[in-house]
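Everything on this sheet refers to the single structure shown next.
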Amino acid sequence: MTVGDLVQALEGEVVCGEEHLGRAVNAFAASDLLSDVLAFEKQDYALLTGLTNAQIVRTADITGASCIVIVRNKQPQPAAVALAQASGIPIIMARCTMFEACALLSRLAEPHDDAVPRTSNPSGT
Amino acid sequence: MTQFHERQIRLVHELMYQIKVREAMTREVVTFPPTATYRDIQLCLKRSRFSGTPIVDEGHLVGIVSIDDIITAFDRGCIDEPIQLTMTRELVTVPQNYSVIAASNLFHKYGFGRLPVVSRPGSDDLVGIITFSDILSHLLLKINRIAERVEAHERRLVAHLDQQRDHLHFEIAPDGFDRAGVAATLTKRRLLSRGVPAPLVRRVAVICYEAEMNIILHSLGGFMDVDLLPDRVEVTAADEGPGIADLEKAMQPGFTTANEKIRALGFGAGMGLPNIKRCADQFHITSSMEAGTELQATVLLPSAVPTAAGVPASVSPSEKEVAHDR
Ligand SMILES: Nc1ncnc2c1ncn2[C@@H]1O[C@H](COP(=O)(O)OP(=O)(O)O)[C@@H](O)[C@H]1O
Ligand SMILES: [Mg+2]
């Protein structure tokens, strides 16, 4: 999935970083605690958050995130936008709640779940 | 005179002794036989930039004719006569293995513009010709080469030092929440530009960010140093207090004294110190109410990946202690 795919799925608004919409998104982190995100091991991930300050961009930059998604249609603070432009990290505003965003994206991230029935419960009756 | 000038003059002087006539002389010499006329030579000198020419008789140097001699021949009306009739035969020569200072002394002593160069002292076997400007240009060439060598050496030295030790220092003010992460971001950029592998840079950057944040949120201000060494990156974060009352408690994941305001900004989850420790290969923290808190975190670079015994290949004894503190 690319950042562009994610924007489409969430019907999001790209605040900055349109030139990076082709970037890959391989994982997701959804949190309002940046310390939590800093302990996240993955790279090239989408950071979903309800925070709007410049520290979301610092965190994304330091951990190598592909983009930032701010949920509930909150405006990022001007300092955050400026920093995101300087560091080349797209910020996307999404109307949905964190929960809805996560649900939508988890379905998108595993498209085969609906098509291929799981062969679970092998010992079942 | 400054010391710098004195050194330069001494260098030139030394070079004048070192450079042999052989190195500075011109080897392609236009010569004439004694049977040539002054006019022959005059026409030749007019075409070339030379101001004199040696006279060679069957391989033996027998004289030298300069522009001066030609003017004298004009005056005397013997311009079309063979030179052997009037040419002076007392010849000053310089052997090729003499230093250019010897040649320069001869120029000075006799007031000549050029000297025929012979193979050995006392020989009349012409091997070249030397002028004062030959000496000067060779000297400049040599000085240039020395300068280039010195410059190249200095460049290598600087590059080496750069590689050996890269030092970043950040002053961190308390309550500067908006500036938090600046030091971490700058550190990240610098380490990446120095070729430190990205996953290791990320670990260092996270360490810096959390350490920076702690100084901002919990202390009266401090500083952070990042040292890039050949085998590791060292982060030192120190502040002026008030210190951590219970270090063991502070290290526990989730322990925090941060208030709601800080939590609303996304920090104060009590995850900072544990995460710093997790990201570091070596971690050491001390804190006292008097001296404040000092944290040291080291990330080892690939050249010093821990050996099978689990001890890094190249740590000094003092650092081993730190490593044991984990
Ligand atoms: N430099 C410091 N000076 C004083 N107290 C500190 C410092 N660093 C950490 N602490 C204390 O340790 C606690 C835990 O720190 P940390 O693990 O980074 O979590 P957090 O910063 O989210 O609270 C802090 O809440 C604070 O009480
Ligand atoms: Mg902290």
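The values are calculated or read from the model by the stated rules, or taken from the named source; none is laboratory data. Note that this is a predicted model, so its numbers are computed, not measured. When we count neighbours, we look across all protein chains shown, and the Cβ atoms used for this are built from the backbone with ideal geometry, even at glycine. Just the protein is used for accessible areas: all its heavy atoms, side chains included, with ligands, DNA and RNA removed. Shrake-Rupley method; radii C 1.70, N 1.55, O 1.52, S 1.80 Å.
Here are a few things to note about the model shown:
- The longest part of chain B holding none of the exposed loop GluC sites (Glu not before Pro), meaning those outside H, G, I, E and B in DSSP with at most 15 other Cβ atoms within 10 Å, is B:91-239.
- Database remark: amide H of B:VAL62 closer than 5 angstrom to the amide H of B:ILE55, B:VAL56, B:ASP57 (H placed geometrically; neighbours at sequence offset of 5 or more, or on other chains; Pro and chain starts carry no H).
- Look at the stretch A:38-45: the mean tally of other chain Cβ atoms within 10 Å of its residues' Cβ atoms is 4.
- Complex-versus-alone comparison for region B:206-223, residues with a loss of 20 Å² or more in accessible area, probe 1.4 Å: B:VAL206, B:TYR209, B:GLU210
- Cut-off under 5 Å, modelled amide H: who pairs with B:ARG194 long-range: none
- Chain B - convex hull of alpha carbons, volume per residue in Å³: 250
- Over region A:3-110, volume per residue of the alpha carbon convex hull, in Å³: 79
- When A and B come together, around 1900 square angstrom of accessible surface is lost from both chains combined, probe 1.4 Å.
- Comparing the full protein assembly with the isolated chain, the residues of region A:53-91 losing at least 30 square angstrom of accessible surface (1.4 Å probe) are A:ASN53, A:GLN55, A:ARG58, A:ASP61, A:ILE62.
- Buried on assembly, region B:250-281 (at least 10 Å² less accessible surface than by itself, 1.4 Å probe): B:ARG263, B:ALA264, B:LEU265, B:GLY266, B:PHE267, B:ALA269, B:MET271, B:ASN275, B:ARG278
- Expressed as a whole percent, the accessible surface of region B:148-307 that belongs to carbon and sulfur atoms is 55, based on a 1.4 Å probe.
- Here B:PHE74 sits with roughly 100 square angstrom of accessible surface, probe radius 1.4 Å.
- Estimated FRET transfer efficiency when R0 is 35 angstrom, pair A:ARG72-B:ASP231 (beta carbons, to 0.05): 0.15
- For chain B, with +1 on Lys and Arg beta carbons and -1 on Asp and Glu, the positive-most of B:HIS138, B:VAL206, B:ALA291 along the dipole: B:HIS138
- All Cα pairs of the protein assembly as shown, percent lying beyond 27 Å: 69
- Using equal-weight Cα scatterers in the Debye expression, the normalised intensity of region B:70-111 in log10 at q = 0.19 Å⁻¹ is -0.71.
- Helical contribution to [θ] at 222 nm, DSSP H n ≥ 4, -39,500 (n - 2.57), averaged over the protein assembly as shown, rounded to 500: -12500 deg cm²/dmol
- Long-range amide H partners of B:GLY241 with built H, under 5 Å: B:LEU220, B:THR293
- Point-to-point label distance, B:HIS167-B:ILE146, nm (Cα→Cβ direction, 7 Å offset): 3.3
- Carbon plus sulfur fraction of accessible area for chain A, probe 1.4 Å, in percent: 50
- In chain B, the longest principal axis of the Cα atoms and the axis of helix B:182-193 are about 50 degrees apart.
- Whole-Hz couplings from phi, Karplus 6.51/-1.76/1.60, listed for region B:90-106; x for Gly and Pro: 7, 10, 9, 10, 10, x, 5, 8, 6, 6, 5, 5, 5, 4, 4, 5, 5
- In a simple Cβ point-charge model (Lys, Arg +1; Asp, Glu -1; nothing else charged), the protein assembly as shown has a dipole of about 760 debye relative to its Cα centre.
- Dipole magnitude for region B:168-315: computed about the Cα centre from +1 point charges on Lys and Arg Cβ and -1 point charges on Asp and Glu Cβ, it is near 720 debye.
- Taking a quarter of the surface of the Cα convex hull of region B:168-315 gives a mean projected area of 8.7 nm².
- For the protein assembly as shown, the solvent-accessible area of protein heavy atoms averages 54 Å² per residue (probe radius 1.4 Å; ligands and nucleic acids excluded).
- Toward the positive end of the charge dipole of region B:3-140, with +1 on the Cβ of Lys and Arg and -1 on the Cβ of Asp and Glu, the farthest Cα among B:ILE71, B:GLN84, B:VAL29 is that of B:VAL29.
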